[in-house]
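The values are calculated or read from the model by the stated rules, or taken from the named source; none is laboratory data. These figures come from a predicted structure and were not determined experimentally. Quick reminder, even Gly has a Cβ in these numbers, built from the backbone with ideal geometry, and neighbours come from all protein chains shown. The area values use the complete protein model at the heavy-atom level, side chains included, leaving out ligands, DNA and RNA. Shrake-Rupley method; radii C 1.70, N 1.55, O 1.52, S 1.80 Å.
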Amino acid sequence: MALAPWGRRIRRVRDTVERTAGAGGGAGKVLSMREAVAAFVHDGDTVSLEGFTHLIPTAAGHEIIRQGRRDLTVVRMTADIVVDQMLAAGCVTRLVSSFVGNSSAGSLGELRRRIEHADPEPLVYEEYSHYGMVCRYLAGAQRLPFHPLRSYAGSDLPSVNPGIRKVTSPYPAADGSTEEIYVVPPVHPDVTFIHAQRADRRGNTQIWGLTGVQAEAVYAAEKAVVVVEELVADEVIRADPNRTLVPAHAVDAVVLCPRGAHPSFAQGYYDRDNAFYRAWSAISKDPARLRGWLEEWVYGTADHAAYVAKLGEEFWAGLAVGDAPSGSVDYGRRL
């Protein structure tokens, strides 16, 4: 009997677990970033990079650049610095997003050159609203053919994006009339990368602070890689189960990469590098300077650990955060 798409995904994940565990003993699904990108990102793929304001998977984007991937479609709700860098490195030919910008600190020079002047080559840009992107991920995660939403009424986005369409509701409106409603298509990335605070070796992933569409982006994808600040024991995950946003069965690989969200922040681990955000507009405005930055900080570093070391401990001390524990709860148990 043929398996439904969801069943096929679970079987693929189970096969990945068995292969990884067999090769690495008790390693679970843990891979290096180099191994994860080599295994799951191929030329021409659709790659989702999700994290909202913090936990942005910058280190994953840098490794994709180092490995020279080409002709990618990048799906990211808030296309920001890491997308600008991947564009400048020649990795991306199509962008799907609902926002582009340098996170309240300026502009993205490479992206603007591509869209406004096709310099050095054009970029195919597919634009949705924030909620439109959420709905695309929801439809992808739930294996729906589309997802309805009302918020495009009065917007000009449908006029520039043929992917936003109208359907006739099979149910009458409140006044009994026939209703036309906007819908958006599902998105099914070949691979999703998210950054998170912690996970166990099987991939049970915990996130706190701002949460975006990380879980939906994982479930919508064919493969999913979780990049974390730390690996923790199973007991840590079990002690706080409601903080597990992404469960192990949805994860194909776990990458330990401390400080891998820089220049964004990881709630509870390090602060946002506001100086870098402010500097990026000037860096990206000058193509030569931008490529020089890539040569020094991405191509010139073997991996993210080397990038972190190059910044130096004094730099990281400046982004240190204090403790702000959120307390604990008692789940109770049967007597």
**OP:** Please determine, by comparing only the residues of the range 164-174 that are part of a loop (DSSP other than H, G, I, E, B) and open to solvent by 100 Å² or more (accessible area, probe 1.4 Å), which one is farthest from PRO145 (Cα to Cα).
**Re:** ALA174
Original post:
Can you name every residue in the range 243-274 that is out of contact with any strand residue (DSSP E or B) (no Cβ under 9 Å at 6 or more places or on another chain) and open to solvent by 60 Å² or more (accessible area, probe 1.4 Å)?
Top reply: HIS249, ASN274
Original post:
Is it the case that the range 79-95 has a residue that's crowded, with 16+ Cβ neighbours inside 10 Å, of a type in the set (A, V, I, L, M), touching a residue at least 40 places away in the same chain (Cβ under 8 Å) and closer than 20 Å to VAL227 by Cα?
Top reply: yes
**OP:** Return the total of residues in the range 282-326 being surrounded by 11 or more Cβ atoms within 10 Å (Cβ to Cβ) and among the polar types (S, T, N, Q).
**Re:** 2
Original post:
What number of residues within the range 211-258 are assigned to a loop (DSSP other than H, G, I, E, B) and more than 20 Å from THR53 (Cα to Cα)?
Top reply: 8
Original post:
What do you reckon, is ILE237 surrounded by 13 or more Cβ atoms within 10 Å (Cβ to Cβ), under 21 Å from TYR128 (Cα atoms) and out of contact with any His (no Cβ under 9 Å at 6 or more places or on another chain)?
Top reply: no
**OP:** Give the range 110-139 a look and list any residue that's part of a loop (DSSP other than H, G, I, E, B), within 30 Å of TYR219 (Cα to Cα) and open to solvent by 10 Å² or more (accessible area, probe 1.4 Å), or say none.
**Re:** LEU123, SER129
Subject >> Test: GLY28 is modelled with pLDDT of 95 or more, open to solvent by less than 40 Å² (accessible area, probe 1.4 Å) and either among the aliphatic types (A, V, I, L, M) or touching a strand residue (DSSP E or B) at 6+ places or on another chain (Cβ under 9 Å) (or both) >> reply: no
Subject >> Restricting the range 140-156 to residues that are of a type in the set (A, V, I, L, M) and either open to solvent by 30 Å² or more (accessible area, probe 1.4 Å) or at pLDDT below 95 (or both), the residue that is farthest from VAL213 (Cα to Cα) >> reply: ALA153
**OP:** Please state which of the following conditions ILE283 fails to meet, knowing it meets all the rest: (1) closer than 30 Å to ASN204 by Cα; (2) in contact (Cβ under 8 Å) with a residue 12 or more places away in the chain; (3) in a helix (DSSP H, G or I).
**Re:** (1)
Original post:
Residue check: is SER177 more than 30 Å from ARG69 (Cβ to Cβ) and assigned to a helix (DSSP H, G or I)?
Top reply: no
**OP:** For the range 90-109, indicate whether the set of residues that are assigned to a strand (DSSP E or B) and of a type in the set (Ser, Thr, Tyr) is non-empty.
**Re:** yes
